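One structure is given below, encoded as structure tokens.
The values are calculated or read from the model by the stated rules, or taken from the named source; none is laboratory data. Worth saying up front: this structure is predicted, and the values here are computed from it rather than measured. All Cβ positions, glycine included, derive from the backbone under ideal geometry; neighbour counts span all protein chains shown.
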Amino acid sequence: MKWLYDNWYKSTLFLGCSLLIFLVIFVADNNFTLFLIWLQTVVYLFHQFEEYILPGGFVAFFNTNLLGSKQTEFPLDKKASFWINIPIIFIGFPISAILAGYIDISIGVWTVYFSIINAISHVIMFFRFRYNPGFFVSLLLNIPVGLFTIYYLTTNNIVSLKVHLIGFMTGVLIQLGLMVYGFLILKRKIV
């Protein structure tokens, strides 16, 4: 597991580019709505690339700037980062997109809202700390692609207001869960 903890994020650019090529070739023309749902995964993989690879440093930024730790790898460490990102982005996003394609598009709507909500947190952090890892992709991809997806779903009456509200609330609850974990659970570990 240590190897995965140390290296999971190194796959993000490759996976994001590969998935984007696949989606453009096989999904975009056949089902544009499903393409937009899957695109959330691509965008978020690019977001993680900025957070962890280029320029990277999200763990250190979070620990020192947001939690006030004097250690760059504590209390948030590579293991915790793995267990935050893998279930949500590497498993939750793709499974939701697969189910959106096979069962109903509404199953993937939460990914749009979570992507936007998380990106907004990076933009808010910018006003206090200036650049933070994930900021540029948040501003240039997560928010615009997410807002376009909501616009497309709404103007084409693809999902109901109820689906939007459930998607929004799911995104908010996941983000709140991450914030509770970070600011209540991890923060308490700092002496």
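Among 109, 24, which is on the phi < 0 side of the Ramachandran plot, surrounded by 19 or more Cβ atoms within 10 Å (Cβ to Cβ) and assigned to a helix (DSSP H, G or I)?
109
Answer yes or no as to whether residue 120 is modelled with pLDDT of 95 or more and either surrounded by fewer than 17 Cβ atoms within 10 Å (Cβ to Cβ) or within 11 Å of the chain's Cα centre (by Cα) (or both).
Taking the combined requirement at face value, the residue satisfies it.
Looking only at the stretch 48-65, which residues are surrounded by fewer than 19 Cβ atoms within 10 Å (Cβ to Cβ), part of a helix (DSSP H, G or I) and of a type outside the set (Gly, Ala, Ser)?
64, 65
Of all residues being within 22 Å of residue 165 (Cβ to Cβ) and touching a residue at least 60 places away in the same chain (Cβ under 8 Å) in the stretch 126-150, which is nearest to the chain's Cα centre (by Cα)? Just the residue, please.
That would be 142.
In the stretch 133-142, what residues are surrounded by 19 or more Cβ atoms within 10 Å (Cβ to Cβ) and not hydroxyl-bearing (Ser, Thr, Tyr)?
Answer for the stretch 133-142, where residues must be surrounded by 19 or more Cβ atoms within 10 Å (Cβ to Cβ) and not hydroxyl-bearing (Ser, Thr, Tyr): 133, 134, 135, 137, 141, 142.
Would you be able to tell me the number of residues in the stretch 66-93 that are of a type in the set (Val, Ile, Thr) and either closer than 17 Å to residue 125 by Cβ or surrounded by fewer than 16 Cβ atoms within 10 Å (Cβ to Cβ) (or both)?
Total meeting the criteria: 4.
Can you tell me which of 31, 65 is in contact (Cβ under 8 Å) with a residue 12 or more places away in the chain, more than 22 Å from residue 138 (Cβ to Cβ) and polar (S, T, N, Q)?
31
Please specify each residue of the stretch 155-191 satisfying the condition of being surrounded by 13 or more Cβ atoms within 10 Å (Cβ to Cβ), out of contact with any Ser or Thr (no Cβ under 9 Å at 6 or more places or on another chain) and part of a loop (DSSP other than H, G, I, E, B).
none
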